[in-house]
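Reviewing the structure listed below.
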Amino acid sequence: MTDFSSLRYVDSIPRSQKVKRGIWVVVWLLLFRPTPRGIFNGWRIFLLRLFGARIGKGSKVAASCFVWAPWNLEMGELSVLGDSVDCYTMDRITIGSKVAVSQRSFLCTGSHDIGSLRRPLTTKPIAIGDHCWIAAESMVMPGVTIAEGTVVGARSLVTKDLPPWSVCAGHPCVVVKPRRVLPEPAASENAA
């Protein structure tokens with residue numbers, strides 16, 4: 001019979017972080033999650049900032065969005081975390097300005113080293129540049145950088161860095177074509 005006692009999982013998360021996370025989960029359950037959809041965004045942003053998140057002006061976070069550790073989240077201005085987005089912030093997640101992370105997407109910074117039978121925790125940060133769109137139900141893996149202006153198609157699995165101003169999709173996510181941005185109409189054209 002095999003002795004598995006030497007292969008027990010070693011929990012490397014400090015007790016102080018577990019306590020802080022426990023308090024955050026209670027606050028999320030009682031004060032964040034129950035807020036009505038579409039309103040009380042300022043309250044949700046306040047709670048995230050209270051727990052260390054750095055969030056730019058005009059950004060929005062849906063009530064059903066879950067952030068594992070707010071102190072590891074940074075968002076620029078006018079960015080959005082949509083309904084049921086899961087930010088598994090075991091490591092830093094940096095989101096630029098004017099970014100949309102659509103419903104039910106998963107930003108995952110933590111995993112386990114499968115090269116060891118103890119499966120120790122591994123973490124790597126995620127960075128998403130300005131003007132990106134992560135479409136619905138996409139998954140971004142640990143250590144990935146999505147460069148400025150990139151669009152990730154719905155239900156894509158992003159396992160590697162993506163280049164700027166590209167449209168990418170698939171399992172694994174690959175470049176499909178360049179992203180072409182049309183010039184914005186002049187202000188006088190909008191008024192007519």
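Rounded to the nearest 10 degrees, the inclination of helix 41-50 to the longest alpha-carbon principal axis of the chain is 40 degrees. In the chain, if the dipole is taken from +1 on Lys/Arg beta carbons and -1 on Asp/Glu beta carbons about the Cα centre, which of TRP28, GLY38, LEU107 is farthest to the positive end? Checking the options against the dipole of the chain, the answer is TRP28. Across segment 166-182, coupling constants 3J(HN,Hα) worked out from phi with the 6.51/-1.76/1.60 Karplus curve, θ = phi - 60°, read 10, 9, 10, 7, x, 10, x, 5, 9, 5, 9, 6, x, 8, 9, 10, 6 Hz, and Gly and Pro carry x.
What the phi angles of segment 134-149 give under the Karplus curve with 6.51, -1.76 and 1.60, with θ = phi - 60°, is a coupling list of 9, 6, 3, 6, 7, 10, 10, 7, x, x, 7, 10, 9, 6, 3, x Hz, glycine and proline written as x. Mean sequence separation of contacting Cα pairs (under 8 Å, at least six apart), scaled by the length of segment 12-178, corresponds to a relative contact order of 13 percent.
Residues ARG119, ARG180 in ascending order of nearby Cβ atoms (within 10 Å, fewest first): ARG180, ARG119. Sparsely packed loop sites in segment 28-76 (the trypsin sites (Lys or Arg not before Pro) outside DSSP H, G, I, E and B with at most 12 other Cβ atoms within 10 Å) comprise ARG37, LYS57. What share of the DSSP beta bridges in the chain is antiparallel, in percent to the nearest 5? The answer is about 20 percent antiparallel. Lysine pairs in the chain whose alpha-carbon atoms fall under 18 angstrom of each other, counting only those eight or more residues apart or on distinct chains, come to 4.
If one takes the longest principal axis of the Cα atoms in the chain, at what angle in degrees, from 0 to 90 and to the nearest 10, does the Cα axis of helix 15-27 lie? It works out to around 50 degrees. Legend: ranking of residues VAL174, VAL158, VAL26 from fewest to most surrounding C-beta atoms inside 10 Å; resulting order VAL26, VAL174, VAL158. Counted by Cβ distance under 14 Å from HIS112, the other residues give a net charge of +1, where Lys and Arg count +1 and Asp and Glu count -1. The helix-only estimate of mean residue ellipticity at 222 nm for the chain, built from DSSP H runs of length n ≥ 4 each weighted as -39500 (n - 2.57), is -4000 deg cm²/dmol after division by the residue total. Extension gain for LEU117-LYS20 works out to 32.0 nm (0.36 nm per residue, less the C-alpha to C-alpha distance).
Counting every alpha-carbon pair across segment 1-127, the share separated by more than 23 Å comes to 35%. Footprinting exposure proxy ranking of HIS112, HIS131, fewest other C-beta atoms within 10 angstrom first, gives HIS112, HIS131.
Values in this text are rule-based calculations from the coordinates and carry no lab data. Just so we're clear, the structure is a prediction, and the values are computed from it rather than from any experiment. Cβ coordinates were reconstructed from backbone atoms using ideal geometry, including for glycine residues, and neighbour counts include every protein chain displayed.
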